[in-house]
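> Handing you this structure, nothing more for now.
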Amino acid sequence: MVAALAVGFYVFAADEESQGGTSSAEERDGSLDNVITIGSARTGISVTLGGTIVPYKMVTLNAELPGSIESIAGKEGDRFEDGEVLVEIDDDTLLAKRQEIAAQMRIAEASLRNADVQYNKAIISPNYQGDAMMGGLPSMMRMFTDPMRSSGFGEGDPDFERYSDIFSQQTQVESAQAAVIQADAQLKQLDAQIRNAKSIAPFSGIIMRKMVEIGDTVQPGQPLVQFADVDRLQLLVEVPARLVSGLEEGMVLPAKLDVGGVRLDVRVAQIYPSADMMRHSVKVKFDLPKGSPAAPGMYSEIMIPDMQAPVSSYPVIPTSSLLWRGTLPAVFVLDESGEPELRVVRVGELVDNKHVTILSGLVVGEQLIVSPSATGWGSGEGNRRF
């Protein structure tokens, strides 16, 4: 009955063309230039899996210190370049603390300079020389205040006195140096905290999500914004472990976007090294072509070959040659006399985004009109299902 309807449709279309006078026999002959010989391809069974469009890179910026949100650079969807400030936490307390430590740094540096001077004085102008210039009075005073440093009423060892003074001044210099180093370390630590008060864009991208608003109080580790590079998109799919053996990096597979039904080729970018212990599936990422009409979070389907399934040979035709009459796919082929014949077919799986296998209705070697709607043999509906 289907064949009768198809033949009836062809007769009706031929009568309509003859009555309207829009195409002559010569024009038909010229339109048959767009004819190919049906070939075949060995294809296995492909499994259609669903996945999610994800950005090539996405990070969550967290608060590094407690405080209140002072500014947010933009809203969801706003684009920023690498190095731009996205979120800033109030750092007035940190700046005040930095002034305090900077003052301690100046005190430590002054103490170091004084210790250097005293150390040089102990080397160049020791105290025992000054005692001699004062007539020995300081030595007599030390005799009563420090009786152990001398034997009887005699003077102490001048060399040991000088060594003691130099060692004491050297200790003061080292203590002052340590104080300067300590203050400098505190200053660097505080500068790092002040830098952490600003969340910087690690690469060029857009704000995907805001978790805070201006005035919110945050604690260290609290998420602030999600930032992503959407110039390059990927398709993330949970592939059953038995199908992963048929994939390798660089392989190109057909996929279809949920929005608009756009078909495109994707490339295997990354195969995760381990499977999920609960679902026994492996994460696989596929690179989408640049300029694809997709956005993060969208649903997409991809055809994964099943290497364990038997391989069969089927006729393969371009999707542009298919015409749909309701739910029935059909094509125009040339009969033995060279006249176009409408034939209902059973469509199989897509070989790629431009070719499909035919399970029944066609034989390898037959002549097929590639674009019947363009040559006037179709109704203009074309391959709307593909």
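> Would you please give the FRET efficiency between residue 191 and residue 279, computed as 1/(1 + (r/R0)^6) with r the Cβ-Cβ distance and R0 = 51 Å, to the nearest 0.05?
0.60
> Sticking with this one: As a footprinting exposure proxy, order 119, 272 by other Cβ within 10 Å, with the fewest listed first.
272, 119
> What's the extension gain from residue 177 to residue 370 if we count 0.36 nm per residue and subtract their Cα-Cα distance?
Length difference between fully extended and current span is 60.8 nm.
> Roughly speaking, what is the stretch gain from residue 360 to residue 258, that is 0.36 nm per residue apart minus the C-alpha to C-alpha distance, in nm to one decimal?
Length difference between fully extended and current span is 33.9 nm.
> By a straight-distance test (C-alpha under 19 Å), which lysines pair with residue 198 as possible cross-link partners, with residues fewer than eight away in the same chain excluded?
Within reach: 75, 97, 188, 210.
> Which trypsin sites (Lys or Arg not before Pro) does region 73-115 hold that lie in a coil by DSSP with at most 13 other beta carbons within 10 Å?
75
> Using 7 Å Cα-to-Cβ label points, what is the residue 75/residue 312 separation (nm, one decimal)?
5.5
> Something else about it: What residues of region 56-71 lie in the reach of a label at residue 222, counting those whose backbone N is under 15 Å from a point 7 Å from the Cα along Cα→Cβ?
61-71, by backbone N distance to the label point.
> For residue 269 and residue 93, calculate 0.36 nm times their separation in residues minus their Cα-Cα distance, and state this gained length in nm to one decimal.
58.7 nm
> Rounded to the nearest 0.05, what FRET efficiency is calculated for residue 47 and residue 114 with R0 set to 56 Å and r the Cβ-Cβ distance?
Efficiency at R0 = 56 Å is approximately 0.10.
> I've got another one for you. If the cut-off is 29 Å between C-alpha atoms, which lysines fall inside it for residue 354, apart from same-chain ones fewer than 8 positions away?
Within reach: 256, 283, 285, 290.
Read-outs throughout are calculated quantities, based only on the coordinates presented, and are distinct from any laboratory measurement. Not measured: the values here are computed from a predicted model. Cβ: placed from backbone, ideal geometry, glycine included. Neighbour counts: every protein chain shown.
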